[in-house]
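Before any comments, here is the structure.
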Amino acid sequence: MTGAKERIPTYITGLDEKMQGGIPKGHIVLLAGVSGSMKSSLGFSMLYNAVQEGKTSGIYVTLEQGKDSLGSHMAGMGMDVQDPRVRSRIAIIDLADLRVQLDSKGMTDSVDWMGQLIKQLANYRDSIGFEVVVFDSLGAFFTLTKMENPRDEIFRFFEAIRRMGLTGIIICEMMGEAKSQYGEFGIEDYLSDGVIHLTMERSDDFIQRKVSVVKMRHTDHILGYRPYRWDSSICKFRID
């Protein structure tokens, strides 16, 4: 039965109730949208609220923002990464720091970046036993590392997440609002188990953010786009 799977909520109030409780554990889900659609905020809030409610532990891999900047940004939204309940169950990895360290040693040209990333995730999993990885973002990783075959490396990354038994939330930047390709390399949506698409609809003096669950394997879910916003009173997103 589709409803029997253990799930991790998205913590978008009004959405989880319409997708059998959330994302099935072990899925790899793309969180795709244009700049400004609050992808990072949503990805972090999923992990933050799951940890707050004792449902999981996880790692947030950041390339879009430094670790301190990310912490300050999320604290400004009411998500305190220094909260002892959170700090012990969310590890934040800043891969940009690693790039700077390797650059200073003249090592970046010879690094197997994907291999190092997978190794680091495996080491963290073995040492702290986390269950969820939020990766922010796929496009930034390939810009940082300048790997020649992104499609092969994406397949390698997704397979490694599955072998480790993790749930993956992979943030993908979209260059426009076209809804035929939810990623930058034309393969991410085919390899993933789910796609959550965030859009921004503009009028002359108004921007409205909308969310849709485009696909989610093993899940009965609503179709179509719904307006969503951050509700600071509950530190969660909600569908209006």
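The values are calculated or read from the model by the stated rules, or taken from the named source; none is laboratory data. Computed from a prediction, not measured in an experiment: that's the story for all the values here. Don't worry about glycine lacking a Cβ; one is built from the backbone with ideal geometry, like all the others, and counts go over all protein chains shown.
Observations
- Residue list for the stretch 52-68, restricted to those being under 16 Å from Glu6 (Cβ atoms) and surrounded by fewer than 21 Cβ atoms within 10 Å (Cβ to Cβ): Glu53, Gly54, Lys55, Thr56, Ser57
- Considering only residues in the stretch 87-135 that are of a type in the set (A, V, I, L, M) and at pLDDT below 85, the one that is nearest to Arg163 (Cα to Cα) turns out to be Ile128.
- Among the residues of the stretch 144-163, those identified as touching a residue at least 40 places away in the same chain (Cβ under 8 Å) and under 23 Å from Leu42 (Cβ atoms) are Leu144, Phe157, Phe158, Ile161, Arg162.
- Restricted to the stretch 21-41, and to residues there that are out of contact with any helix residue (DSSP H, G or I) (no Cβ under 7 Å at 6 or more places or on another chain) and either aliphatic (A, V, I, L, M) or part of a strand (DSSP E or B) (or both), the residue that is farthest from Glu131 (Cα to Cα) is Val34.
- Applying the condition of being within 11 Å of Val214 (Cα to Cα) and small (Gly, Ala, Ser) to the stretch 180-198 and asking which residue is modelled with the highest pLDDT yields Gly194.
- Residue pairs whose Cβ atoms lie under 8 Å apart, separated by 6 or more positions or on different chains, with the first residue in the stretch 21-38 and more than 24 Å from Arg162 (Cα to Cα) and surrounded by fewer than 22 Cβ atoms within 10 Å (Cβ to Cβ) and the second small (Gly, Ala, Ser) and at pLDDT below 95, are Val34/Gly176.
- The stretch 164-221, residues that are under 15 Å from the mean Cα position of the chain (by Cα), assigned to a strand (DSSP E or B), closer than 23 Å to Thr143 by Cβ and of a type in the set (A, V, I, L, M, F, W, C): Ile169, Ile170, Ile171, Cys172, Val195, Ile196, Leu198
- The stretch 40-51 - residue that is modelled with pLDDT under 95 and touching a Cys at 6+ places or on another chain (Cβ under 9 Å) and, of those, surrounded by the most Cβ atoms within 10 Å (Cβ to Cβ): Tyr48
- Hey, Gly194 in contact (Cβ under 8 Å) with a residue 12 or more places away in the chain, crowded, with 18+ Cβ neighbours inside 10 Å and more than 23 Å from Gly21 (Cα to Cα) or not: no
- Inspection of the stretch 66-79 identifies at least one residue that is part of a loop (DSSP other than H, G, I, E, B), at pLDDT 90 or above, under 18 Å from Ser233 (Cα atoms) and not hydrophobic (A, V, I, L, M, F, W, C).
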